[in-house]
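Asker: So that we are looking at the same thing, I have put the structure below in structure tokens.
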Amino acid sequence: MKPTAGRSQTGMFTASEVEGQTGVPATTLRQWERRYGFPHPVRNASGYRLYSPGDVAAIQYMQAQLQSGVPAGRAAELTVQATRPPCEPAGVSLAPPPAQPGGRGAAHWSGMLTDALLSSDTDRAGALLAEVHSQLPVEDVMTAVISPTMVEIGARWERGEITVAHEHQATAYLRSRLSALMDVAGVQAGFGPLVVAACAPEEQHELGLMMLTLALRRRGVRVAYLGTNVPLGDLAVYARQREARAVLLALNGPWALDATREHLRDLDCLGMPLFYGGALLNAEPTLARELGGQYAGPDAPSAAQQIAAALLGSAADPAHPSGGSV
């Protein structure tokens, strides 16, 4: 089976997200692209590489060949041959090998967490996350384990492999875990200016914004998190009353864009920086300027670093340099 079989070829993952899923550094991905002609990322309007699920499968296959002792050149040959249409040699499987006992890579953890959540085994999911937290920094857990799990569960729903009930239960569980981490960080963490974070009108997908909120709090930025589907007029009133210094708005799909455009006038004369993030902005960063603000960044850590630097100055060091999906 080809690595692309049954997998979308739409660019959707940043290099940092692919690194989190596969363990292959972004620099290595660029080297493979130059030397061997794969993977095949597309570039969004800001020039960021976006990798498809098919790219991720090919990367995992290449990595499996290398780990089994195949020289790099030959491993690349095998991968290119296997991904080349129209057909493949019989019996060749590009599925990555099963995790070895005791394997503890981020992709391994993400796969186990996905299986636990889709089996409705929240006790096992909780035990997995507890073990992950004992071995990885908080931001690595968010971006390299939780974020890929969210993406995989969403992809399975889109392919019709699971019901919306499965997706909702998994999302609710992950939301509760992120909420607990946010509570530990605290709204009043830090002594700097306040950022008000909200999902745009009609936007119900909040996990990415929750991760960015946590990343900001860990950098000493105070964040008031308002949650999903916030009317822009109410958001503006709240931000002014709280004497906020910036607003962060998340949009993940066209449903939120239409609703935001319809009520964008409510943000007129907001009097503070307006940052935009989310999957929709990752795909089209230029929308931020069209909506009267600026693009926060392609993942939670880099977006948090940019916002913190804008508000606190260049002395604000990131809590962790690794990547993940806003």
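Asker: Based only on other Cβ atoms within 10 Å, what is the fewest-to-most ordering of W157, W109?
Answerer: Working: W157 17, W109 25.
If I rank by nearby Cβ atoms, fewest first, I get W157, W109.
Asker: Could you list V247, V70 in order of exposure, starting from the residue whose Cβ has the fewest other Cβ atoms within 10 Å?
Answerer: Details: V247 24, V70 16.
Taking fewest neighbouring Cβ atoms as first place, the list is V70, V247.
Asker: Right, next: Relative to the compact globular guide of 2.2 N^0.38 Å, what is the alpha carbon radius of gyration of the stretch 101-185, as a ratio? It would help to have the intermediate numbers written out before the result.
Answerer: Values: Rg = 12.4 Å, N = 85, 2.2 N^0.38 = 11.9 Å.
Here the answer is 1.04, to two decimals.
Asker: Above 14 Å lies some portion of the pair distances; for the stretch 127-170, what is it as a whole percent of all C-alpha pairs?
Answerer: Working: 510 of 946 pairs.
When all Cα pairs of the stretch 127-170 are counted, 54 percent exceed 14 Å.
Asker: Most exposed first by the Cβ proxy, i.e. fewest other Cβ within 10 Å, how do S110, S134, S147 rank? Walk me through the numbers before you get to the answer.
Answerer: Numbers: S110 23, S134 7, S147 28.
Final ranking by Cβ density, sparse to dense: S134, S110, S147.
Values in this text are rule-based calculations from the coordinates and carry no lab data. What you see is a predicted model, and the numbers here were worked out from it, not measured in a lab. Positions of Cβ are generated from backbone atoms using ideal geometry, with glycine treated the same way; all protein chains shown enter the neighbour counts.
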